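These notes concern the structure reproduced below.
The values are calculated or read from the model by the stated rules, or taken from the named source; none is laboratory data. Keep in mind that what you see is a predicted model, and the values were worked out from it rather than measured. We place every Cβ from the backbone using ideal geometry, glycine too, and count neighbours over all the protein chains shown. Remember, those area values only see protein heavy atoms, side chains included, never the ligands or the DNA or RNA. Shrake-Rupley method; radii C 1.70, N 1.55, O 1.52, S 1.80 Å.
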Amino acid sequence: MVRTPGTGSRFSALPRPARRAAGAVGAALAVALVAGCGLLPWSDVGTRGPSGAPSAPPAEGPTVPESGPAAPPGAERIEQAESRLQDAEVAPESSGADYERDEFGSSWIDTDGNGCPTRHDVLARDLRRVRVADDCTVTRGVLEDPYTGERVEFSADDPMEVQIDHVVPLALAWRTGASEWDRDTREEFGNDPGNLIAADGPANQAKGDSGPGEWQPYPPFRCTYAVAYVGVVDEYGLRLPPDDHAALEETLAAC
């Protein structure tokens, strides 16, 4: 596993139904990172795998993704996010004392019928130089981590180095409206590719179930994160706690 630091801090904490979202959110929100509206450059030269051997050659096609949660948002999507944010319901979150992960169904089911669990669909989407086994398992790849700006070499031998994060965390969604949904909607939400992104494992653990009022990715990715977050909230009719609303408003204004 190799990490290459990017610009800015590793991650920062601030003081204090489903497939429909994939198009609207996926095109807005990992590989390309946005600083203001500029892309963070990277190079394929010199990246080495866990054994020290050179990684596989780059995959065919463009480096910058055209869809998925990490695709950079244009001015139109930023304006749309600002408009949706103004329409969002702002209300304190509930205690969430009755939250259980199982309320969102089994993790990483095959929701699109392609024979592959959601986790491996997202890894295949968000990693570069991907190698996939016959059973859909992603065995290796390279992540340009959207939360830290670091490059992470992924191997199935150490799968937790790259984790699949819910942009709007499940526990937070539960506290802001998901507890009122039926189980099918919660299962769709838990496996919605528009709310899922491959991320550095430690950064994902640091984020936990925090919203943007408590946690933000490293600065170059914040516009993309804010647009994606607002898209999910709007799609599912979730409420926004006041501190999350204020943080999103500030981030979008700076984009």
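Of the whole protein surface, residue 107 contributes about 60 Å² of accessible area at a 1.4 Å probe radius. The figure for residue 215 is an accessible area of roughly 10 square angstrom, using a 1.4 Å probe on the protein chains alone.
Between residue 182 and residue 206, the FRET efficiency from the beta-carbon distance, with R0 = 25 Å, is close to 0.20. Under the simplified labelling scheme, the residue 133-residue 160 pair shows an inter-label distance of 1.9 nm, with each label point 7 Å from Cα along Cα→Cβ. Shown here is the pair-distance distribution of segment 145-199: with all Cα-Cα distances grouped in 5 Å bins from zero up to the longest one, the shares run 4, 17, 23, 19, 14, 11, 8, 3 percent. According to the Kirkwood expression over distinct Cα-Cα pairs, how big is the hydrodynamic radius of segment 116-185, in Å? So the Kirkwood estimate lands at 13.7 Å. Take 187-195, 128-136 and order them by the average number of nearby Cβ atoms within 10 Å per residue, most first; the result is 187-195, 128-136.
Relative to the 2.2 N^0.38 Å rule of thumb, segment 77-132 has a C-alpha radius of gyration ratio of 1.73.
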